[in-house]
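In what follows, a single structure is set out as structure tokens and then discussed.
The values are calculated or read from the model by the stated rules, or taken from the named source; none is laboratory data. What you see is a predicted model, and the numbers here were worked out from it, not measured in a lab. Glycine also receives a Cβ, built like all others from the backbone with ideal geometry; neighbour counts cover every protein chain displayed.
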Amino acid sequence: MSSLALLDKNKHADVHLNPITDFKHVEFQHMAPVVVHEFPNAAAEFPIVFIKHENTGEYQPVVMLGLKSKQNLYAGKSQWPGIYVPAAITHYPLALVPSQEDENKLLVAIVEDSDLVSKESGQRLFNEDGTESEALAKRKEALVTQFEYTQITRAFCKTLAELDLFKAQDFTLETNGEKRNITGINMIDEKKLNELSDEQFADLRKRGFLGPIFTQLGSMHQMHRLIAKSMEAEKATAEA
């Protein structure tokens, strides 16, 4: 299990971070969360779908990285074999977590046992005088921006849920003669979208939500790309 600890200038004074190369930290992750600000770039590579959290009932947009559980068709290579890497993947091994004293306050945490954490190579997190390095400052800024985008994405999903615009969608795909059923994902219901009142549609446009909606719908064409990658991976495995 990954060891997540709050970043501390004393405890982590000599900690360095190496760049992500093979993306091993997500090799068994067949989906990755994205925010609405990522939709245009993500849709050029991946199908964007929504998952519904059982405990909260909230919807969350994710990109599909594989066609079955624990299958990531992008990780494990010498470099990411795609035109876009979801931000949630690139932030590793750093993360924002709520403070135990004040849940409204966010603190930076680090996965201490990550292969990217080193004391010999990479970018320092803290200068010798204990101040934050420029590299850490930039990483923190990116994390905060991602958090802010996450809040906007939650509002986006909440609005769509209130308008009853989500629908559960199952897929049956065939790769190399094998049929696969993909369940547990949701999409935007285009029929219900077109049935919205002029006032409701105008409100979505005013809030800047129409762009992400149509981008998500268009991203489903990338399912063919994912199928092709899956077939290539299976062929390579069979020939090995």
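Figures for the structure shown
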item: Candidates L73, L65, L96, filtered to the one that is surrounded by 15 or more Cβ atoms within 10 Å (Cβ to Cβ) and touching a His at 6+ places or on another chain (Cβ under 6 Å); result: L65
item: Of residues in segment 137-180 being among the basic types (K, R) and either at pLDDT below 95 or in contact with a strand residue (DSSP E or B) (Cβ under 9 Å, 6 or more places away or on another chain) (or both), the one surrounded by the fewest Cβ atoms within 10 Å (Cβ to Cβ); result: K179
item: Condition met for I227 (β-branched (V, I, T), in contact (Cβ under 8 Å) with a residue 40 or more places away in the chain, touching a strand residue (DSSP E or B) at 6+ places or on another chain (Cβ under 9 Å) and surrounded by 13 or more Cβ atoms within 10 Å (Cβ to Cβ)); result: yes
item: Criterion violated by Y74 - all others in (1) assigned to a loop (DSSP other than H, G, I, E, B); (2) in contact with a Pro (Cβ under 8 Å, 6 or more places away or on another chain); (3) closer than 28 Å to A155 by Cα satisfied; result: (3)
item: Of residues in segment 6-20 being touching a Ser or Thr at 6+ places or on another chain (Cβ under 7 Å) and assigned to a loop (DSSP other than H, G, I, E, B), the one surrounded by the most Cβ atoms within 10 Å (Cβ to Cβ); result: I20
item: Every pair of residues 6+ apart whose Cβ atoms lie under 7 Å, when the first sits in segment 54-74 and is in contact (Cβ under 8 Å) with a residue 12 or more places away in the chain and more than 20 Å from G218 (Cβ to Cβ) while the second is among the hydroxyl-bearing types (S, T, Y) and surrounded by 11 or more Cβ atoms within 10 Å (Cβ to Cβ); result: L73/S230
item: Output for segment 28-71, where each listed residue is of a type in the set (D, E, K, R) and in a loop (DSSP other than H, G, I, E, B); result: E45, E54, E58, K68, K70
item: So N186, is it outside any helix (DSSP H, G or I) and at pLDDT 95 or above; result: yes
item: Residue count for segment 186-216, restricted to those that are surrounded by fewer than 16 Cβ atoms within 10 Å (Cβ to Cβ), within 30 Å of Q71 (Cβ to Cβ) and among the aliphatic types (A, V, I, L, M); result: 0
item: Number of the exception - M31 against (1) in contact (Cβ under 8 Å) with a residue 40 or more places away in the chain; (2) within 17 Å of the chain's Cα centre (by Cα); (3) surrounded by 18 or more Cβ atoms within 10 Å (Cβ to Cβ); result: (1)
item: Where A228 falls short, out of the listed (1) in contact with a Pro (Cβ under 6 Å, 6 or more places away or on another chain); (2) modelled with pLDDT under 95; result: (1)
